[in-house]
Amino acid sequence: MAKRKAGTGIADALLDAHVAFVLEQLTGDALAPLLEEGLDALLLDAGKLKLKDVVTPKMIKDTTRTYAVELQFAGGLPELVGDIARALHGHKIHEATMFGDLVSDRALGEFIDKLLEFKSLREKIAIELFSGPLYAEFASDLLYHGIQGYLSNNPLTRNIPGAGSMMKLGKRVMNKASPGLESSLEDGLKKYIGRSVEATSRRSVDYLLHHIDDDAIREMMLDIWERVRELPVASLREDIGSLDQEELFVIGYEHFQELRRTDFFSTLIDAGIDSFFDKYGNATLLGLIDDIGISRQMMIGEALRYAPPILKTLKKKKMLDATLRRYLEPFYRSGAVEKIIAASS
């Protein structure tokens, strides 16, 4: 067996000592102060670096486009979304939570007040709603059945003995004399009502816009909220089943798949990133972190939450030692250590 050079033996010993030292630092009592010291050094450096010094808008846009636009999600994601939807739908918290627990009266009032400021949008919605064929058909059907009910049950037929029978007799006689006349009259009445509704729908919109003011709308919405606020969230299950919710998630997921590949989506992302850099490009990384609201205490807390158990597991499974050696060994095998030892001897 070839005899190992003295320098190589020392390099191996130094590698073992280095790995052991780092292992003790990462898994012993020194970890917490080590993390704090390392974080403080990073924060000190972050105060010296501007955002534009370390990344560019193009770099962020390219990364965002990769994951938000081009990434092809694997088949497991829709299945996971479905599992989450079922778990959320069946959770017991819905039975113990009222709508009023989720939205305060103050927040709802502010939301309503803001909605009421969109007067032009409200007018456009009202015009489209009441000038459309759906409203005309609904109003026509309502008027037709109202007239029909009045003719069948009006003061004349109720108060005059035999009036109802005479009307029925006259109806039968007319049908025998001119078959199809009744249906023709009904069709004519429906068409007349339809034309009348179409002609007056615009005036109806104007009436609503001028007579239903903000106070009336606010009162109506608050009245609805008063009836809803004490209902449990679980009451939605009466109308939205588990399968319905799952399908809504899937529909939303599929729509997002289509939306994220449009120029509209990409353009808005790029505009958002440009706006972000316009505001923070000249800011230091430390200033950016402060503006976001992330404090040193928060970062230390999260580091101590995750690092110790992860490092402990890696050490237990003999993976931490191997990881450290993978990064340190190339230096100790490079000959640099032997040259240092030879130069110092």
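The values are calculated or read from the model by the stated rules, or taken from the named source; none is laboratory data. Just so it is clear, the model here is predicted, and its values are computed rather than measured. Cβ atoms come from the backbone with ideal geometry, glycine included; neighbour counts cover every protein chain shown.
Points worth noting:
- Flag if Leu108 is surrounded by 11 or more Cβ atoms within 10 Å (Cβ to Cβ) and either closer than 19 Å to Gly252 by Cβ or touching a residue at least 60 places away in the same chain (Cβ under 8 Å) (or both): yes
- Yes/no for Asp40 being loosely packed, with under 14 Cβ neighbours inside 10 Å, in contact with a helix residue (DSSP H, G or I) (Cβ under 8 Å, 6 or more places away or on another chain) and assigned to a helix (DSSP H, G or I): yes
- Where Arg261 falls short, out of the listed (1) part of a helix (DSSP H, G or I); (2) touching a residue at least 40 places away in the same chain (Cβ under 8 Å); (3) touching a helix residue (DSSP H, G or I) at 6+ places or on another chain (Cβ under 8 Å): (1)
- In segment 69-79, the qualifying residues are those that are at pLDDT 85 or above and not charged (D, E, K, R), and the one that is surrounded by the fewest Cβ atoms within 10 Å (Cβ to Cβ) is Leu71.
- Within the option set Asp83, Asp29, Asp62, Asp105, being in the same structural domain as Asp263 (by TED's automatic domain parsing) and over 30 Å from Thr262 (Cβ atoms) holds for one residue only, Asp29.
- Restricting attention to segment 104-149 and to residues that are under 18 Å from Ala216 (Cα atoms) and aliphatic (A, V, I, L, M), the residue that is modelled with the lowest pLDDT turns out to be Ala126.
- As a summary of the residue check, Glu219 satisfies the conditions (1) at pLDDT 90 or above; (2) under 21 Å from the mean Cα position of the chain (by Cα); (3) over 30 Å from Tyr67 (Cβ atoms) except for the one numbered (2).
- Of residues in segment 84-102 being surrounded by 11 or more Cβ atoms within 10 Å (Cβ to Cβ) and without any contact (Cβ under 8 Å) to a residue 60 or more places away in the chain, the one farthest from Ala234 (Cα to Cα): Asp101
- Some residue of segment 321-335 being closer than 19 Å to Leu43 by Cα, among the hydroxyl-bearing types (Ser, Thr, Tyr) and not in a helix (DSSP H, G or I): no
- In segment 1-30, the residues that are assigned to a helix (DSSP H, G or I) reach residues that are among the aromatic types (Phe, Trp, Tyr) and modelled with pLDDT under 95 with C-beta atoms within less than 8 angstrom, at least six apart or across chains, in these pairs: Ala11/Tyr332; Asp12/Tyr332; Leu14/Tyr332; Leu15/Tyr332; His18/Tyr332.
- Pairs with Cβ under 6 Å, 6+ apart, first in segment 312-339 and farther than 12 Å from His18 by Cβ, second assigned to a helix (DSSP H, G or I) and of a type in the set (Ser, Thr, Tyr): Lys315/Thr27
- Residue match in segment 285-294 (condition: in contact (Cβ under 8 Å) with a residue 12 or more places away in the chain and within 16 Å of Thr27 (Cα to Cα)): no
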